[in-house]
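These notes are about the structure you will find just below.
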Amino acid sequence: MTTVVTGGAGFLGSHLCESLLGDGETVVCFDNLGSGRRTNVAPFEDLDRFTFVEGDVRADLATELDRGGVPVSDVDRIYHLASRASPVDFGEHPQEILETNSIGTRNVLELAADVDASVLYASTSEVYGDPEETPQTLEYNGNVDCRGERACYDEAKRFGETLCVTYEDRHGVDVRTVRIFNTYGPRMRPDDGRVVPTFVRQVLDGSDLTVYGDGTQTRSFLYVDDLVCGFRRMMERPGLAGDVVNLGHTNEITINELATTIAELSAGDSGVVYEPLPEDDPQRRQPDLSRTRELLDWEPTVTLEAGIERTIAHFRENELDA
Ligand code: NAD
Ligand code: UDP
């Protein structure tokens with residue numbers, strides 16, 4: 001079983017590679033190192049079953065893998081995670097994000113069609129935009145501004161889902177889609193810009209936590225190990241071709257509550273400073289898990305407190321000089 005993980009040197013991808021390798025699989029990590037880090041996969045590089053290929057999904061994937069010494073006919077499964085995911089990057093790299101999630105996703109699906117591989121597509125809760133309904137069900141079609149600050153990401157991920165549906169329908173590709181809600185944990189970059197690594201870096205630096213807006217906007221934070229479990233069930237269970245699920249925690253909290261939790265668990269003396277809310281920042285986010293439970297028997301198992309403690313410990317040990 002050879003599994004390709006695009007975006008495998010990123011936060012989620014590196015945890016997925018670790019989980020697959022732990023079960024004896026042969027793993028190819030394909031990444032352009034745009035927002036990922038080679039150090040995330042450094043512990044696996046001594047294994048014969050692990051190959052790192054530096055390349056871009058916007059290029060012809062078969063050629064790129066061949067260049068990296070990977071026989072494409074061996075590829076059975078592709079987890080397609082490649083994409084910058086931090087809202088800070090939406091402002092700095094909009095064209096790259098649009099192309100990665102459109103041309104790049106098309107290239108992944110073309111390869112899958114050619115070699116008869118299954119695909120898991122990493123979509124996002126951002127397909128719901130700034131939702132008018134909570135919790136967000138799969139049937140809710142979203143509230144996205146196609147010209148807004150987040151459009152390069154939200155619209156490209158929506159387009160990516162349509163590509164998946166089309167390749168399933170027209171080319172018979174086995175594609176499964178997961179809509180990921182805010183997930184956090186070790187190996188996020190301290191300068192990533194997303195809220196958990198930012199707050200954890202700030203408490204460890206002893207600086208104040210930068211809460212955007214009045215902090216009453218909500219998110220539901222999932223620990224990475226739970227997500228990887230959901231990814232793998234979605235890919236490995238038979239009969240799920242063409243299906244889509246939400247993966248996220250149901251514990252919806254405000255950003256003020258998150259700041260308090262992280263400050264308390266770090267035992268530091270950071271305060272809070274309020275900064276302007278970015279444009280189009282969604283007000284609420286919480287997944288409806290009905291279909292996820294039905295298809296995957298999956299529930300989040302790690303509490304926010306336990307996950308944040310593990311993340312703080314990892315940052316203390318590995319990221320303090322970053
Ligand atoms: P990340 O930035 O840590 O990882 C993304 C990886 O993709 C990086 O290693 C980056 O170098 C690589 N990459 C980006 N563009 C590429 C390209 N054109 N070619 C090859 N590699 C490329 O972010 P993450 O949080 O691990 O996100 C992984 C995936 O999950 C993304 O598709 C993201 O949209 C999705 N997602 C994540 C979350 C979350 O909360 N972490 C939520 C929703 C969706
Ligand atoms: N946020 C914040 N301070 C920060 C970074 C983010 O208050 O330093 C807020 C952000 O405005 C949003 C929430 O935290 O309301 C989650 O932001 P993140 O970038 O992690 O992910 P999003 O869910 O917005 O994609």
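The values are calculated or read from the model by the stated rules, or taken from the named source; none is laboratory data. Bear in mind the structure is a predicted one, so any value in this text is a computation, not a measurement. Heads up, the Cβs are rebuilt from the backbone with ideal geometry, glycines too, and the neighbour counts pull from every protein chain shown. The accessibility values were calculated without ligands, DNA or RNA, using every heavy atom of the protein model including side chains. Shrake-Rupley method; radii C 1.70, N 1.55, O 1.52, S 1.80 Å.
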### Task
Please name all residue pairs, on different chains or six or more residues apart, with Cβ atoms under 6 Å, provided the first residue is in segment 89-108 and is within 18 Å of V127 (Cα to Cα) and the second residue is of a type in the set (F, W, Y).
F90/Y153; I97/Y153; S102/F159
### Query
Only one of (1) out of contact with any Ser or Thr (no Cβ under 7 Å at 6 or more places or on another chain); (2) acidic (D, E); (3) not in a loop (DSSP other than H, G, I, E, B) is not met by D56, so which one is it?
(3)
#### Entry: In segment 61-83, the residues that are among the β-branched types (V, I, T) and out of contact with any Leu (no Cβ under 9 Å at 6 or more places or on another chain)
T63, V70
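Answer yes or no: is there a residue in segment 265-275 that is on the phi > 0 side of the Ramachandran plot and over 21 Å from the mean Cα position of the chain (by Cα).
Yes, segment 265-275 contains at least one residue that is on the phi > 0 side of the Ramachandran plot and over 21 Å from the mean Cα position of the chain (by Cα).
Take segment 164-191 and flag every residue that is in a loop (DSSP other than H, G, I, E, B) and closer than 20 Å to R106 by Cβ.
Looking only at segment 164-191, we keep the residues that are in a loop (DSSP other than H, G, I, E, B), and these are 172-174, 181-182, 185-191.
The answer is G172, V173, D174.
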### Task
Any chance you could count how many residues in segment 54-72 are of a type outside the set (K, R) and touching a helix residue (DSSP H, G or I) at 6+ places or on another chain (Cβ under 6 Å)?
6
### Query
So which of T137, T177, T198, T124 is over 21 Å from T6 (Cα atoms), among the polar types (S, T, N, Q) and in contact (Cβ under 8 Å) with a residue 40 or more places away in the chain?
T137
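Go through the residues of segment 232-248 one by one and say whether even a single one is within 16 Å of ligand 2 (Cβ to nearest atom), surrounded by fewer than 23 Cβ atoms within 10 Å (Cβ to Cβ) and hydrophobic (A, V, I, L, M, F, W, C). Even if it seems obvious, please write down each step before you answer.
Just the residues of segment 232-248 that are within 16 Å of ligand 2 (Cβ to nearest atom), to begin with: 246-248.
With the extra rule that they be surrounded by fewer than 23 Cβ atoms within 10 Å (Cβ to Cβ), the set shrinks to none.
No: segment 232-248 contains no residue that is within 16 Å of ligand 2 (Cβ to nearest atom), surrounded by fewer than 23 Cβ atoms within 10 Å (Cβ to Cβ) and hydrophobic (A, V, I, L, M, F, W, C).
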### Query
Which is at pLDDT below 95, surrounded by fewer than 22 Cβ atoms within 10 Å (Cβ to Cβ) and of a type in the set (D, E, K, R), of E279, E264, E257, E309?
E279
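Can you confirm whether D208 is within 27 Å of T3 (Cβ to Cβ), more than 12 Å from ligand 1 (Cβ to nearest atom) and charged (D, E, K, R)? Quick ask: steps written out before the conclusion?
Details: within 27 Å of T3 (Cβ to Cβ): no; more than 12 Å from ligand 1 (Cβ to nearest atom): yes; charged (D, E, K, R): yes.
No: the conditions fail for D208.
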### Query
Taking helices (runs of 4 or more DSSP H) that do not extend beyond segment 64-153, which have at least 1 residues that are within 16 Å of ligand 2 (Cβ to nearest atom), open to solvent by 60 Å² or more (accessible area, probe 1.4 Å) and modelled with pLDDT of 95 or more?
87-92
## Note on the structure
Of the residues in segment 154-163, those that are open to solvent by less than 40 Å² (accessible area, probe 1.4 Å) and either part of a loop (DSSP other than H, G, I, E, B) or within 13 Å of ligand 1 (Cβ to nearest atom) (or both) come to D154, A156, K157, G160, E161
### Task
Write out, first by first residue and then by second, each pair whose Cβ atoms fall under 8 Å of each other, whose residues are 6+ apart or on separate chains, and whose first residue, in segment 252-264, is closer than 12 Å to L304 by Cα and among the β-branched types (V, I, T) while the second is more than 16 Å from ligand 1 (Cβ to nearest atom) and assigned to a helix (DSSP H, G or I).
I253/T261; T261/E305; I262/V203; I262/I312
### Message
Here is a check on your reading of the model: is V196 at negative phi, part of a strand (DSSP E or B) and open to solvent by less than 10 Å² (accessible area, probe 1.4 Å)?
### Response
no
### Summary
Restricted to segment 199-209 and to residues being open to solvent by 40 Å² or more (accessible area, probe 1.4 Å) and not in a helix (DSSP H, G or I), the residue farthest from ligand 2 (Cβ to nearest atom) is G206
### Message
I'd like the full set of residues that are open to solvent by 60 Å² or more (accessible area, probe 1.4 Å) and either closer than 17 Å to D214 by Cβ or not in a loop (DSSP other than H, G, I, E, B) (or both), limited to segment 267-276.
### Response
V272, Y274, E275, P276
